[in-house]
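Novice: So that we are looking at the same thing, I have put the structure below in structure tokens.
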There are 2 protein chains.
Amino acid sequence: MEFQQRSVFCGTLRKLDVGSEVTLNGWVQKRRDLGGVIFVDLRDRTGLVQVVFNPEINAEAHAIGDKVRTEYVISVKGKVVERDAETINPNIPTGEIEVQVSEIEIINQAKTPPFFIEDDIDVDEQVRLKYRYLDLRRPEMYRTMELRHKVTKLFRDYLDSRGFLEIETPMLTKSTPEGARDYLVPSRVNPGEFFALPQSPQIFKQLLMVAGYERYFQIVRCFRDEDLRADRQPEFTQVDIETSFLNMEDLLAMMEEMMAKVCKEVLNVTVETPFRRLTYAEAMERYGSDKPDLRFGMELVNIGDIAENCGFQVFSSVMKKGGQVKGINVKGCAYYSRKDVDELMKFAGRYGAKGLAWMAFKDDEIKGPIAKFFTEEEISTIKDRMQVENNDLLLFVADKPKVVADSLGALRLKFGKELGLIDESKFAFAWVVDFPLLEWDEDAKRYVALHHPFTRPRPEDVHLFDTNPGQIRAQAYDMVLNGFEIGGGSMRIYKRDVQEKMFKALGFSQEEAQEKFGFLLDAFEYGTPPHGGIAFGLDRIVMILAGRSSLRDTIAFPKTASARDIMTDAPSPVDNKQLEELSVRVVMPKKTDDK
Amino acid sequence: MEFQQRSVFCGTLRKLDVGSEVTLNGWVQKRRDLGGVIFVDLRDRTGLVQVVFNPEINAEAHAIGDKVRTEYVISVKGKVVERDAETINPNIPTGEIEVQVSEIEIINQAKTPPFFIEDDIDVDEQVRLKYRYLDLRRPEMYRTMELRHKVTKLFRDYLDSRGFLEIETPMLTKSTPEGARDYLVPSRVNPGEFFALPQSPQIFKQLLMVAGYERYFQIVRCFRDEDLRADRQPEFTQVDIETSFLNMEDLLAMMEEMMAKVCKEVLNVTVETPFRRLTYAEAMERYGSDKPDLRFGMELVNIGDIAENCGFQVFSSVMKKGGQVKGINVKGCAYYSRKDVDELMKFAGRYGAKGLAWMAFKDDEIKGPIAKFFTEEEISTIKDRMQVENNDLLLFVADKPKVVADSLGALRLKFGKELGLIDESKFAFAWVVDFPLLEWDEDAKRYVALHHPFTRPRPEDVHLFDTNPGQIRAQAYDMVLNGFEIGGGSMRIYKRDVQEKMFKALGFSQEEAQEKFGFLLDAFEYGTPPHGGIAFGLDRIVMILAGRSSLRDTIAFPKTASARDIMTDAPSPVDNKQLEELSVRVVMPKKTDDK
């Protein structure tokens, strides 16, 4: 052997092990010399244990121990002994014992790392990403990766137990005309042609249903070449699911059971099923969001009926133009200063609100410039409806429904966090259902599919294709957790006549539909079962369950916001020879003057 | 509901179910009208059942049943009844019963499929691939996908039970200068730069070891843009494994246990462990292959010592030039005609053999033009060594060792198959070990790494770096099953001085090494544990376990030999706008005249 292999893991030693001889392998977390005795915190993936090099016990081992430094890889052999009462460390599970070293071997040396290998470090993320292999040594990163492994396994085990087959679909696929921007892969064998990396296996999973596979799933990498917002990744992982001959209720119940199981096994949290269910309309109305955080209240309250005829012209004129007036009650915040409210106004402005009206109820006084426009009766109705108590602050937005929802929804979340209204121990799951099937695209002057062109309408709404397509509700559903959309899906159209109505509503001619979705439509001709499915965002689920705040912390080797891997320095220029073989050439974009 | 959901699966009905009312959903496999009664074989993923539309039992259902055609999707409700004795079908599990239909609903119609949905069809593979969603309906395809799911799950369960974490590594990675050709992905955000799709997660798994993860695995898609041989896929799936602080013996034992478990659970086949182990030298010597099929004998026998001084000048001169003379005993084939042997000669010629010498032992006669060049004593030694019995045919090749191995190895496999020597029920696992660390590249006039530049040499061979690098044996191993290499790996170098010797042997300067492997070498500076791993080819393992003959049959949506998906028609041309955004342009290769 080239080194002495461990007999036991560092983090597992306990008082019960006192007296036994052990061999440990690991990294030097810390090394201290106290009066000639060397104390080393030795780390492996299970945790830390203190190992001691005492020259009086073994001079040779002490001499070598003297040479070790932070992050050296060592193998030590020694006896587990109890610590003196005063040196017991109650903060670590191995804190009652230590290992008296009789043999040590330096397996490998190490340069001093650029940051400490410990939790809650305050280090620039760029540095963490550049030295990701060191960042990943930190216990909180290990715990997150371990949790990700467990969550993934639980999804697989559950789906397997319910008769789902995991089936792999291609990564080198065809570029599709709709949806987000594709990542392209030039084909060498077919010059001038390109593969696309999949944005999702949507088409393949529907084909598997046509092929009679009944229950498919796949935990699969997907790709979107979008302009990255703060917390998006160009490659992300999806738990992709599709079923045949099931109705929506059966599918949703199964998905609830799966999520409840994951929460129970991973966090020992009991999640009640069935999940709360909100229609899209209700979610927007009450929370100003289609992914409401249901861990706290502060619902949006509609006072349109009062605003319509009130003396405050801003409100009444918005109502006349078909807008909305809604408010939230910020409990106990009547003490907010003018300046505070101005800040809130600015915040709401980012969501399109042109103003933020307010009323504060302090003892018997009503503060706020708009109060005078309302009759006593109107005030009384508002107080009633918004459950006003002493010291409450009411905030109102009057605008188009979207602006009202966005701005008040955002304010609600802001207060939820800042006022500590959110019970962080809660896992508030819900379904948002009855999404509109179609959305009017003002630019294209046509309807576009909110979900995708194969989403099944509710049967009782199909007749609206001829009269009011915008009112059709889809058999589509999002799973929401703590204010995040963690999954979404739909039942799919399987009837030819419904599909034709859908294409017509989208403004596609037969030829266009064939061109865009050709082989899928062909496949649908050969006996398509009723089917539907869902896809979950694994990275995001892990982020929430692990209590992390960034998707990057849930991915072993993530990309930066500018879609780079700064550890390996990818992407990077390649040899011209490589490009020549692929029949492509780089044509650098012209620099524009205004840059 | 939009259709009547099944109460039970078609293929599961048995005599015990007689008398119960069932609802079935599925596809019409076959429809026959026998004297006004309609018999339909209804199919779902569990199998077939016969459903009967009898006008005397239900006229309405019969009228609708009359309209169904092959591959229609239907829902039927009815009573399970016993079949008449004379109509029992012992060939299918549901053959003792049938379902008397009282209600039927046509869920979806179907065009007539281009081929029958049944096993062992004789259809051009191009057609099967174009209509893959129909091909996948065939029971043997379903069974293969189900087996693939099970095998994959068993790998995961085993590795999880042994403390491995599945960790996802990036698909958008950096192009590496060594190895096969990369698939490239242009970066839009970083014009002129490219990602590469991973040929394997090799670098990332080694980084995870540096990061202290101890036991990593991933079932992961890999990509190689190679000129496709008959049975290669541009994207393939690997069971990728890496461990730290384990020695080679521990790792191999664990992998044996894993494979034995898979065979037991999936096929109920008991595989003995430990696996047989052959050195690379032994495998080449005895089987002419580094992935020998050990399900039968017919080993290569070296008669170099006899050939050296024999009267047959072709043999003796090859020996003088440092070549080899070896033979195989084709038992009982002395009756082969001149023409038969000529065919074999041609076959051997494809592997570089310039000739094929033969001797046939028929009763007391020795046939074959070379017999006369050997003394009686020489013949007797040959007979002895090659265990010749009456009617045996000996075939000899005299050439460079590589040609001898390739041609006799190929002949051995050919006879194994054609003479039925292979026990198809056997799963002959073995390890091939002690591969050479380095291979002399005649073109580059330097050594190249046989496995990769981080493969650890056997400690007792390290001193050969200075004297005879070609003789160094690597701590590398391949797992072999029935003549296929199903996995391979190595212990990795973790000591700086050994790594430097390795780079020197490969002819890399410090600068070159840094340029090629920069960040990995940097990472190795921060405390690298002893580590090593292995990767298995999942597609190939599934192919062998499922008894299929092509990798394409193990992949739901494979590519053709020219790297195309003919169902979706990928790759395909894309919009110029897309290319412009990526800062690339297509430059079609010039047509050469000799095409």
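No lab work stands behind these numbers, since they all come straight from the coordinates. Bear in mind that the values here come from a model prediction, so they are computed numbers and not experimental data. Virtual Cβ from ideal backbone geometry, glycine too; neighbours counted across all protein chains shown.
Novice: Which residue, B:Cys310, B:Gln324, B:Val271, has the largest displacement toward the positive end of the dipole of the stretch B:259-326 when charges sit on each Cβ (Lys, Arg +1; Asp, Glu -1)?
Specialist: B:Val271
Novice: Please report, in debye to the nearest 20, how large the charge dipole of the protein assembly as shown is about its Cα centre when each Lys and Arg carries +1 at its beta carbon and each Asp and Glu carries -1 there.
Specialist: Values: 164 positive and 194 negative charges, 289 e Å.
Once rounded to the nearest 20, the dipole reads 1380 debye.
Novice: How large is the Rg to Rh ratio of the stretch B:330-399 when both quantities use alpha carbon positions and Rh follows Kirkwood?
Specialist: Values: Rg = 12.0 Å, Rh = 12.5 Å.
Over the Cα atoms of the stretch B:330-399, Rg/Rh equals 0.96.
Novice: Using the C-alpha gyration tensor of chain A, what are the square roots of 5 times its eigenvalues, in whole angstrom, with the largest one first? Present the calculation step by step, with values, prior to reporting the outcome.
Specialist: Working: eigenvalues 529, 273, 118 Å².
After scaling each eigenvalue by five and taking roots: 51, 37, 24 Å.
Novice: Further question on the same structure: Give the order of B:Arg286, A:Arg277 when sorted by the count of other beta carbons within 10 angstrom, beginning with the fewest. It would help to have the intermediate numbers written out before the result.
Specialist: Working: B:Arg286 20, A:Arg277 14.
Final ranking by Cβ density, sparse to dense: A:Arg277, B:Arg286.
Novice: Taking H placed 1.01 Å from N in the peptide plane, check which residues at least 5 places from A:Ile566 or on another chain put their amide H under 5 Å from its amide H.
Specialist: Those lying under 5 Å, H to H, from A:Ile566 are A:Thr560.
Novice: Relative contact order, percent, of the stretch B:29-123 when contacts are C-alpha pairs under 8 Å separated by at least 6 residues?
Specialist: Values: 165 pairs, mean separation 27.0, N = 95.
RCO, the stretch B:29-123: 28 percent.
Novice: Counting other C-beta atoms within 10 Å, which of B:Trp431, A:Trp440 has the fewest, and how do the rest follow? Walk me through the numbers on the way to the answer.
Specialist: Working: B:Trp431 20, A:Trp440 12.
Least to most surrounded, the residues fall as A:Trp440, B:Trp431.
Novice: Can you tally the net charge around A:Arg295? Count Lys and Arg as +1, Asp and Glu as -1, for every other residue whose Cβ sits under 11 Å from the Cβ of A:Arg295.
Specialist: On the way: positive: A:Lys417, A:Lys426; negative: A:Asp293, A:Asp423, A:Glu424.
So the surrounding residues net to -1.
Novice: For A:Glu82 and A:Ala59, calculate 0.36 nm times their separation in residues minus their Cα-Cα distance, and state this gained length in nm to one decimal.
Specialist: Working: separation 23, 0.36 × 23 = 8.28 nm, distance 2.10 nm.
Answer, rounded to one decimal: 6.2 nm.
Novice: Further question on the same structure: Pull up all non-local amide H partners of B:Glu166: gap of 5 or more, or a different chain, and H-to-H distance under 5 Å with H placed in the peptide plane.
Specialist: Sorted by chain and number, the residues that satisfy this are B:Phe217.
Novice: Evaluate the distance, in nm, between pseudo-label points positioned 7 Å from the Cα of B:Glu365 and of A:Lys321 along their respective Cα→Cβ axes.
Specialist: About 11.0 nm, to one decimal.
Novice: Something else now. Over the stretch A:145-212, what per residue volume does the convex hull of the Cα atoms give, in whole Å³?
Specialist: Numbers: hull volume 9.8 nm³, N = 68.
Taking the convex hull of the Cα positions in the stretch A:145-212, it is 145 Å³ per residue.
Novice: Would you be so kind as to identify which of A:Val80, A:Ser20, A:Thr70 lies farthest towards the positive end of the dipole of the stretch A:15-108, taking Lys and Arg as +1 and Asp and Glu as -1 on Cβ and the Cα centre as origin?
Specialist: Final value for the positive-end residue is A:Thr70.
Novice: Rounded to the nearest 20 Debye, what is the dipole magnitude of the stretch A:276-411 about its Cα centre when Lys and Arg each give +1 and Asp and Glu each give -1 at the C-beta?
Specialist: Details: 21 positive and 21 negative charges, 125 e Å.
With Lys and Arg at +1 and Asp and Glu at -1, about 600 debye.
Novice: Expressed as an acute angle from 0 to 90° and rounded to the nearest 10, what is the orientation of the C-alpha long axis of helix B:401-418 relative to the principal long axis of chain B?
Specialist: Between helix and principal axis, roughly 30 degrees.
Novice: As an exercise, take the mean of 1/r over every pair of distinct alpha carbons in the stretch A:370-483, invert it, and state the Kirkwood radius in angstroms.
Specialist: Working: mean 1/r = 0.0553 Å⁻¹.
Its Kirkwood hydrodynamic radius stands at 18.1 Å.
Novice: Along each of the three principal axes of the Cα atoms of the stretch B:91-139, give the extent in whole Å, ordering the values from largest to smallest.
Specialist: 41, 28, 13
Novice: With just the Cα atoms defining each centre, how far is the stretch B:517-595 from the stretch A:1-62? Give it in Å.
Specialist: Between the Cα centres of the stretch B:517-595 and the stretch A:1-62 lies a distance of 46 Å.
Novice: Any chance you could run the full-extension gain for A:Gln100 through A:Ser425? It's 0.36 nm times the residue separation minus the Cα-Cα distance, nm to one decimal. Intermediate values should be presented prior to the final figure.
Specialist: Numbers: separation 325, 0.36 × 325 = 117.00 nm, distance 4.17 nm.
Stretched out fully, the A:Gln100 to A:Ser425 stretch lengthens by 112.8 nm.
Novice: Taking N as the number of residues in the stretch B:450-595, what is its Cα Rg relative to 2.2 N^0.38 Å?
Specialist: The reported ratio for this selection is 1.52.
Novice: Sort A:Thr173, B:Thr554 by Cβ crowding within 10 Å, fewest neighbours at the top. Working shown, then result.
Specialist: Numbers: A:Thr173 23, B:Thr554 27.
Ascending number of Cβ neighbours within 10 Å: A:Thr173, B:Thr554.
Novice: To two decimal places, what compactness ratio does the stretch B:15-108 give when its Cα radius of gyration is scaled by 2.2 N^0.38 Å?
Specialist: Working: Rg = 12.0 Å, N = 94, 2.2 N^0.38 = 12.4 Å.
Rounded to two decimals, the normalised Rg is 0.97.
Novice: If you fit an axis through the alpha-carbon atoms of helix B:510-524 and take the longest principal axis of the Cα set of chain B, what angle between them do you get, 0 to 90°, nearest 10?
Specialist: Relative to chain B, helix B:510-524 is tipped by roughly 50 degrees.
Novice: Moving on. Could you please state, rounded to a whole Å, how far the C-alpha centre of the stretch A:264-306 is from the C-alpha centre of the stretch B:427-494?
Specialist: Cα centres, the stretch A:264-306 to the stretch B:427-494: 60 Å.
Novice: Still on this structure: Using 0.36 nm per residue, how much length does the chain from A:Gln313 to A:Asn89 gain when fully extended, once their Cα-Cα distance is taken away?
Specialist: The A:Gln313-A:Asn89 span can extend by a further 73.8 nm.
Novice: Treat the stretch A:232-325 as a sphere of radius equal to its Kirkwood radius over Cα pairs and apply Stokes-Einstein at 20 °C in a medium of 1.002 mPa s; give the translational diffusion coefficient in µm²/s, rounded to a whole number.
Specialist: Numbers: Rh = 17.4 Å.
Rounded to a whole number, D works out at 123 µm²/s.
Novice: Viscosity 0.692 mPa s, temperature 37 °C: give me the Stokes-Einstein translational D for the stretch A:296-422 in µm²/s, with Rh taken as the Kirkwood radius over C-alpha pairs.
Specialist: Roughly 228 µm²/s, to the nearest whole number.
Novice: Return the distance in nm (one decimal) between the two label points of a simple spin-label model at B:Thr381 and A:Ser20, each offset 7 Å from Cα along Cα→Cβ.
Specialist: Placing both labels 7 Å beyond Cα along the Cβ direction yields 6.1 nm.
Novice: Any number yet on Rg/Rh for the protein assembly as shown, C-alpha, Kirkwood? Mind showing how you got there, number by number?
Specialist: Values: Rg = 35.6 Å, Rh = 35.0 Å.
Here Rg/Rh amounts to 1.02.
Novice: Using alpha carbons only, how many degrees (0 to 90, rounded to 10) separate the axis of helix A:496-505 from the longest principal axis of chain A?
Specialist: Between the helix axis and the principal axis of chain A, the angle is about 80 degrees.
Novice: Say a paramagnetic label sat at a point 7 Å from the Cα of A:Trp440, along Cα to Cβ; which residues of the stretch A:309-340 have their backbone N under 14 Å from it?
Specialist: Those under the cut-off are A:322-323.
Novice: Run the helix sum for chain B: -39,500 (n - 2.57) per DSSP H stretch of 4+ residues, divided by residue count, reported at 222 nm to the nearest 500 deg cm²/dmol. Walk me through the numbers before you get to the answer.
Specialist: Values: 16 runs with 170 residues, N = 595.
Roughly -8500 deg cm²/dmol at 222 nm, from the helical runs in chain B.
Novice: Give the Debye-formula value of log10 I(q)/I(0) at each listed q (0.18, 0.31 Å⁻¹), with one equal scatterer per alpha carbon of the stretch B:220-269, two decimals each.
Specialist: Debye intensities relative to I(0), on a log10 scale: -0.83, -1.06.
Novice: Using +1 at the C-beta of Lys and Arg and -1 at the C-beta of Asp and Glu, which of A:Phe204, A:Met254, A:Ile382 has the Cα lying farthest in the positive direction of the dipole of chain A?
Specialist: Result: A:Phe204, furthest along the dipole toward the positive end.
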